[in-house]
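Since every read-out is calculated from the coordinates, none of them should be taken as a lab result. What you see is a predicted model; the values in this text were computed from it and never measured. Here Cβ is always computed from backbone atoms with ideal geometry, including for glycine, and neighbour counts include all displayed protein chains.
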Amino acid sequence: MTSRLHESALPDAVLRSAQECAARSAMPIETAMERLRLTAPSYHDGEITRWLTQEHLRDFFHLFEQRRMHAVFQPILNLKTRSFLGYEGLIRGPLDTPLHPPEVLFSLAQECGLAVMFERLCRETILHEFALLGLPGQLFLNVSIACLADPLFLAGEAVRLPEAAHLRPERIVIEITENQQVVDFAALREVLARYRDLGYRIAIDDLGEGFSNLRMWSEIRPDFVKIDQHFVRGIADDPLKFRLVQAIRDIAASSQAELIAEGIETENEFATLRDLGIANIQGFLVARPLPRPIEAPPPAIHALLDQRGSGSFTQGGGPSGTTVRQLSQAVAPLRPHMLNHEVFERFEQQPEQIVLPVIHDDGTPLGLINRYSMVDRFARPFRREIYGRRPCTQFMNADPIRVDHATPVQELGRMLGRAAHHQLVDGFVVTENGSYLGIGSSQALVGLITDLQIRAARHANPLTQLPGNVPINEHIDRLLDDAASFVACYCDLDHFKPYNDTHGYHKGDQIIQLLATLLRRHCDTRQDFIGHIGGDDFILLMQGRDWEERCHAILADFDAEITAFVTAEDLRQGGYFAEDRRGKQVFHAIPALSIGALPVEPGVFHSHHEVSGAVGGAKKEAKKIPGSTLFVERRRLA
């Protein structure tokens, strides 16, 4: 790091600001100057500070001393519950001034040596205003790595500040800005352990932007990971970004961290992240940061959530198409005014019932009461007499797992993997539009997922590991039920049997695997489904508008790569001679690929039987044309 300038080398504007600061704060001028020291390169060449004037410096000190910042809050949407997980608290300077942007404020604080003090003031401001607004959910509070070990915060303010704002530390998530080099991870873990002991939760901000990246994740094991907006912008049209976020999703599932995708601005980004199974999103599409933010998602967001994705990135016939509704049991709920002895009698009348749900008068779930917990309490001397006539909410778990009925069972499995032991025992509450629908058990979930995985393995093609006939038919029916527009493409190899008979099944299998590779290469796995009917027959269910272009690319690549499976002489003459069953030499053409395409619009077909019959006809037409070709069935078949 460059050496600090001597006091005499400080610009006049800085010196005058130091004098003013010292006069107003009754601090020695040397202290004010120490805070104002600037590095020479930063002052002259920095992206933020190079344009600073005396007025900017003076205004910053006035703002700092008079606490003229204010907080804004941006909601974080949970896609499963359709409600806000919480809000990220952000700081702003006076509106319509050069000091309004937070990057200017923090750059000035850093350059003036006031970073820790200014960040402390920002924390107080955000906590105070969050409490005044009475906002629900978690408060995500940005803290730089350099300020985590603030002695004042660790010495008592970590408890005092939330208490003063009437907030529990459990409602606060410390969001570590990942833009600084971490040298001592052991020290960082030790500091974070102290915050966790107080009840705070930890998040990594802007994953992928800073220096530590995945090592930070593995070292501190955060509760939340925020995906940097770079990976979100344009994800709907960028296969690499899609794969990277998909990998982050899989890592999060194994590390029991909850993901938050930042910077969502378009409906395509929203839909892609929704179909990828990202738990939470944040961005201008949902809501902008405001001093008084909205407390519920707007109707436009609910409309996007209602557009259930038919994406096939989890294709394979697994649990991706099965939702929590299949696990829901309709158990008559309790009301909060019911007494404990009434609940006890209910358990006695229903010996098979392990938990009973408690709901508000408006139908929203309030909690769960566990049979064994209640029986244990009542079994002690005089407990039934003492507590029997008290409200049942006394023995209720007020923080059960709540999950929307349309949630995929895989996502519920991840939620239970992160749950506390008592929540696993109690199971979960199933809701529909926020209202109570039923309850489910962890055991039933495990059994269902196991059955689905066994079923998926049973119906996968052993050569290509692609979904077989049963999942293909199920996916077609799901697309029809969703009233989705799609194109069914039947892919079949021409002249394959004589090649397989002549060159051996091993070579034939290699050509089939080649075709599977080409289909994967050119299909958009976010929304295109690839199935292996059997032998050399494949099915594509494509939803992208560029499906025809993709099909032509598959044909071109097949013709280019099939040359590796024949000799130069075969290529020259367009085929090869081989004996037939009678021992006669017969000329056979080089294998080619035929694709019959059937555009499917809502309401035209009503089952996979009708679709498979029509696309089979398109394939037959394609095979009538010599060479690798695409035939599109454009006739009205309804």
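For region 479-638, the equivalent ellipsoid built from the Cα gyration tensor has semi-axes of 31, 16, 13 Å, listed from largest to smallest. Classification of region 461-558 by its C-alpha gyration tensor yields a prolate form. The axis ratio a/c (a ≥ b ≥ c) is 1.5 or more, and a/b outweighs b/c. For residue 241, a cut-off of 30 angstrom between C-alpha atoms picks up these lysines, skipping any fewer than 8 places away in its own chain: 80, 226. With the highest mean first, a sort of the peptides 70-78, 183-191 on other beta-carbon atoms found within 10 angstrom per residue produces 70-78, 183-191. Centre-to-centre, using Cα atoms only, region 72-127 and region 558-629 are separated by 61 Å. Calculated FRET efficiency, residue 433 to residue 569, Cβ-Cβ distance, R0 = 51 Å: about 0.15 to the nearest 0.05. Going by neighbour counts of Cβ atoms within 10 Å, the residues 491, 551 line up, fewest first, as 551, 491. When N is the residue count of region 68-297, what does its C-alpha Rg come to as a fraction of 2.2 N^0.38 Å? Its radius of gyration relative to the 2.2 N^0.38 Å reference: 0.98. Partners of residue 619 within straight-line reach, counting lysines whose Cα lies under 30 Å from its Cα and excluding those fewer than 8 residues away in the same chain: 497, 507. Remark: the residue 290-residue 610 segment gains 110.0 nm on full extension, using 0.36 nm per residue and subtracting the alpha carbon distance. Both radii were evaluated on the Cα set of region 324-449; the Rg over Rh quotient, with Rh as the Kirkwood radius, amounts to 0.98.
Going from the residue with the fewest nearby Cβ atoms within 10 Å to the one with the most, 624, 619 rank 624, 619. Largest first, the extents of the alpha carbon coordinates of region 382-466 on the three principal axes equal 67, 30, 19 Å.
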